[in-house]
Amino acid sequence: ADASRITGQYSQQVSKAVELDVLTTIVRGSLQSAMGTRRSGMLLVKAAEDGKVELEAAPGSFTDAKDRQGIFYIKSPVYQELATRKAPLSQLDIEYSSRYKEMPEVERNFLRNLQTSAYAPIIVDEVLIGILACGAKISDAPFYPRDLELLATLANQTGVALRNARLVSDLRHLNND
């Protein structure tokens, strides 16, 4: 029941956002409230060359991180989990599961630097366009499968709003040029 209420409220809030910074503020506040986390935010994903994608913290996300930009290699296990399997994952899995043992150090360091604990893919038209990321819980409890499921549901609801906000941003940029 709580998950239904949370997702309903979240859906209403994100559907109203057309500006990227407004969407990020809604996402951060909603995630911290719903998931009980100390920090949260959104990573934007852009296609790049050489078999990788570029990651950038959305405006207002992870402002205290040393580096707010990173990369994922398309063949990396984390990218495959998020983009291909469309599954959420925890930092605990990344650190200790044998599936992520071969993960490139540049990816591992980027995620550690964000000080986040759980990730869910934002996918639109079968393309990874963003990632919701949550820091540790206020209670210091781990992220359980039901927490990751809720995060994944919220990420699904964020997709269209994120795509629209990026389109508005791109149009404004073109207009200014």
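Just a few scattered comments:
- When residues in region 119-148 are screened for being open to solvent by 40 Å² or more (accessible area, probe 1.4 Å), of a type outside the set (Phe, Trp, Tyr) and out of contact with any strand residue (DSSP E or B) (no Cβ under 9 Å at 6 or more places or on another chain), 6 of them pass.
- Those strands (runs of 3 or more DSSP E) lying entirely in region 19-99 with at least 2 residues surrounded by fewer than 20 Cβ atoms within 10 Å (Cβ to Cβ) and at pLDDT 95 or above: 52-57, 69-73
- The C-beta contact set for region 127-143 (first residue within 13 Å of MET42 (Cα to Cα), second residue assigned to a strand (DSSP E or B) and open to solvent by 30 Å² or more (accessible area, probe 1.4 Å), distance under 8 angstrom, 6+ apart or interchain) comprises ILE129/ILE123.
- Filter pass, ILE74 being out of contact with any Pro (no Cβ under 6 Å at 6 or more places or on another chain), closer than 15 Å to GLN157 by Cα and β-branched (Val, Ile, Thr): no
- ILE129 meets the conditions (1) assigned to a strand (DSSP E or B); (2) touching a Ser or Thr at 6+ places or on another chain (Cβ under 9 Å) in every case but one. The failed one is (2).
- Failed criterion for GLU102 (all others in (1) more than 12 Å from the chain's Cα centre (by Cα); (2) part of a loop (DSSP other than H, G, I, E, B); (3) in contact (Cβ under 8 Å) with a residue 40 or more places away in the chain hold): (3)
The values are calculated or read from the model by the stated rules, or taken from the named source; none is laboratory data. Remember, predicted model here, so these are calculated numbers, not experimental data. Cβ atoms come from the backbone with ideal geometry, glycine included; neighbour counts cover every protein chain shown. Keep in mind that these areas ignore ligands, DNA and RNA; they rest on the heavy atoms of the full protein, side chains included. Shrake-Rupley method; radii C 1.70, N 1.55, O 1.52, S 1.80 Å.
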